[in-house]
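Q: Take this structure first; my questions come after.
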Amino acid sequence: MKRLTFIYSLEELPLIAQSILQNIGLQKVIVLEGHLGAGKTTLIKEIIAQLGSTDLVSSPTYTIVNTYLYPKGEIYHIDAYRLKSDEEALDIGIDEILYSGEMVWIEWPQIIEHLLPEGTVYIKITLENNQRKLTLQIP
Ligand SMILES: Nc1ncnc2c1ncn2[C@@H]1O[C@H](COP(=O)(O)OP(=O)(O)O)[C@@H](O)[C@H]1O
Ligand SMILES: [Mg+2]
């Protein structure tokens, strides 16, 4: 298991995103934990741009799943906050998405935690003394 920690400002975001992409290697499912306003969507936006997508990245708060195109295929961006049960998760096709072989970035993964594939990467962002601290955990 690999565990890395970064403290970063918005100016450093591109470097942190680059480092995350280098470190996750071929892992496809990445979950992000952190309170509202921690910086989850902001990080995903930068990462998706770095992956070569020109699609507009927005928070899937209401849509639950956003899909973006990039040169290697599709990227799923999920906000599981409003999912209340397994049934709801399965209704939106969570299984197909998680095992699609495409990249999947998930905010608020708690409700679907037990459905996550082996090898899922964990990112946690916390605010400490007004600074963002990010922990990257790769199995
Ligand atoms: N590293 C950072 N340093 C300073 N501000 C940040 C950083 N990351 C994100 N922000 C700011 O925090 C706010 C909330 O970010 P957002 O990504 O929407 O949070 P979340 O998706 O976790 O709710 C945005 O205004 C964003 O610009
Ligand atoms: Mg968000």
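Q: Could you tally the net charge around residue 63, taking each other residue with its Cβ under 11 Å from the Cβ of residue 63, Lys/Arg +1 and Asp/Glu -1? Don't jump to the answer; show the numbers that get you there.
A: Working: positive: 82; negative: 79.
Net of charged neighbours comes to 0.
Q: Right, here's the next one. If one takes the longest principal axis of the Cα atoms in the chain, at what angle in degrees, from 0 to 90 and to the nearest 10, does the Cα axis of helix 13-24 lie?
A: Value to nearest ten degrees: 60.
Q: Hey, can you grab everything whose amide H is under 5 Å from the amide H of residue 103? Only 5+ residues off in sequence or another chain; H modelled, so Pro and N-termini drop out.
A: Here the answer is 74, 76, since their amide H atoms fall under 5 Å of that of residue 103.
Q: Also, I was wondering about something else. Zone of residue 65 (label point 7 Å along Cα→Cβ, backbone N under 20 Å): which residues in segment 34-54?
A: Within reach of a label on residue 65: 41, 44-45, 48.
Q: When the chain is fully extended, how far beyond the present Cα-Cα distance does residue 5 get from residue 137, taking 0.36 nm per residue of separation? Don't jump to the answer; show the numbers that get you there.
A: On the way: separation 132, 0.36 × 132 = 47.52 nm, distance 0.89 nm.
Between residue 5 and residue 137, full extension yields 46.6 nm more.
Q: Here is a follow-up. How high is the FRET efficiency from residue 87 to residue 22, r the C-beta distance, R0 30 Å, rounded to 0.05?
A: On the way: r = 38 Å, r/R0 = 1.26.
Efficiency, rounded to the nearest 0.05: 0.20.
Q: Looking at the chain, which longest stretch skips every one of the trypsin sites (Lys or Arg not before Pro) that is in a DSSP loop with at most 13 other Cβ atoms within 10 Å, leaving the sites themselves out? Walk me through the intermediate numbers first.
A: Numbers: sites that count: 72, 84.
Longest stretch, sites excluded: 1-71.
Q: Taking the Cα centre of the chain as origin, work out the dipole magnitude from +1 charges on Lys and Arg Cβ and -1 charges on Asp and Glu Cβ, in debye rounded to 20.
A: Roughly 560 debye, rounded to the nearest 20.
Q: Another question, then. Could you work out the mean projected area of the convex hull around the alpha carbons of segment 27-134, in square nanometres to one decimal? Walk me through the intermediate numbers first.
A: Values: hull surface 26.6 nm².
Its average projected convex-hull area is 6.7 nm².
Q: If you don't mind, there's one more thing I want to ask. On C-alpha positions alone, give me the angle between the axis of helix 40-50 and the longest principal axis of the chain, in degrees, nearest 10.
A: 90 degrees
Readers should treat all values here as calculations from the given coordinates under stated rules, not as data from a laboratory. Here the structure is a predicted model, which is why all the values come from computation and not from measurement. Because the Cβ atoms are built from the backbone with ideal geometry, glycine has one as well, and the counts that use them run over all protein chains shown.
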